Every structure is written in structure tokens, then in C-alpha cells.
Amino acid sequence: MRRAKRDERAALAALMFDQFYEQAELQQQFSGIDPETAREIGPTVLGLGQGYFFTHGDVFVCDAPDGAPAGVIVGADAQQLAHFGPLGQFFYALRHGKELRDIPRALLGQIMRNSRPVLAAHSTKWYRRYCGRPYYIAQFGVAKPYRGTGIARDLLEGAIEHAASQGYPAVILETFSRENVRMYMHFGFQLKQVQESGEFTEYRLLLPLLPLRAL
């Protein structure tokens, strides 16, 4: 595992979009947009959101044998990120993303409106019941050809070790996929909350690194 370079952002965004486009949350965000257009603009929108973490957090990758990124994990200080929020990250992208100028404003507005049901199931502050300042894993994905090769383990364990070395008392993350919960629990995460909103269910997990205050 190594730190990603800024000039790899487009490749990492394409990797993440390819992994998650068929899942419910991105299908909702790009609802009403034809798949060809979604695949054309989706990595750009996603990549600009990642831009925040290159400045204020961590972006780590594992390489394939040919040197191309095979997996990515993105994290940051949860307390700092909570003040910013997902909408704040989007507006950060709007302010700092020259690439968005090529996407019609009406289309960006549609993506924003489509995103509301997903955001309604999400909270940036749920962890406060358990921990004051954890490390937050915001994005995590492995390219389809490299699933099952150990890259997911390397990334997740590497991010956990990084958080521990920085003195964070816990690592937190969320997933909209019930199937992923078992995998995270295998690494020691505890399922703390399940938040349902409309057709979306967010599973909120926490991995203690230090003794936490009792509920």
C-alpha cells in the first residue's frame, strides 16, 4: 500500500465508479441519466469529491502487477469531516473542479436532487455516541479483476494501522450493502447502528483501537 499521487485521481475515480455504478446508491444518484452519459461524467464528479481527501485526508492505493492502481481506500479525521459534510464536499468540488465546467448545470442539478434520498440515510455525526474523534474510511474499492487477491485486506489493514499510528481511538465506516457487513466484522468492526430511510439502509460500523467510553 502506498499514498496515491494527485495525477492518479482520474484513474482512481474511474475505478471507484466502475465498482459502484451498478449499486443502488449510484443508480439513484444517476437516475434519469442515460448510462452512456453517466459513465462519461460519473468518474469526473466522483473524482472531484476525492479531491478533498488529497488535501485534508488520506488516499492510499495498492498496485496491480502492471503498476496501475488495483484498489483504493480513502480516509480522514471524522470530526473534521463532520463539519464539512457530504454536501460541503460536493460544493468543494464545484469550487475547485474546472472539469465540471464541461458538464451542463442542469445535469449537475439533477445529480444533486437525485442524491437527496441517499443523503437522507446518511449522518456525519452518528459516531459521537461512541467515540469523540475516530478515523473515518470514506471510500474503499478494489477493481473487479483483482477481487479475491488479498488487495482488499492489504488496504483495509493498512488504513487501520495508519489510524492506530496516528493515535485515533477507533475507525468508523458505513456501507449500504448488507453483504459487506460480514466482511467488515471479520476485521473486528462492530455493527453499531442501522439507519433506514426510504429504500436505503445504511449500516454503521466501528472498530475500537483503544478502550472507548461505555454507552
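Any read-out appearing in this document is the output of simple, stated calculations on the displayed coordinates, not a laboratory observation. The model shown is predicted, which means the values in this text are computed figures rather than measured ones. Counting neighbours? That spans all protein chains shown, and the Cβs are built from the backbone with ideal geometry, glycine included.
I'd like the Karplus ³J(HN,Hα) series for the stretch 132-148: coefficients 6.51, -1.76, 1.60, θ = phi - 60°, whole numbers in Hz, and an x wherever there's a Gly or Pro.
x, 8, x, 8, 10, 8, 8, 9, 7, x, 10, 4, 3, x, 10, 5, x
Where in the chain are the DSSP H helices whose alpha-carbon span along the long axis reaches 18 Å or more and whose Kyte-Doolittle mean is at least -1.0?
Values: long enough: 35-56 (32 Å, -0.12); 78-96 (22 Å, 0.01); 105-120 (23 Å, 0.14); 151-165 (21 Å, 0.29).
Membrane-span-like by this rule: 35-56, 78-96, 105-120, 151-165.
Sort 20-26, 72-78 by packing, meaning the average of other beta carbons within 10 Å per residue, with the highest value first.
Numbers: 20-26: 16.0, 72-78: 23.1.
The densest-packed peptide leads the list: 72-78, 20-26.
In terms of modelled amide H atoms, which long-range or inter-chain residues lie less than 5 Å from the amide H of SER197?
For SER197, the qualifying residues are GLU202.
From the convex hull of the Cα coordinates of the chain, what is the mean projected area in square nanometres? Please list the in-between numbers first.
Numbers: hull surface 46.9 nm².
For the chain, averaging the hull's shadow over all directions gives 11.7 nm².
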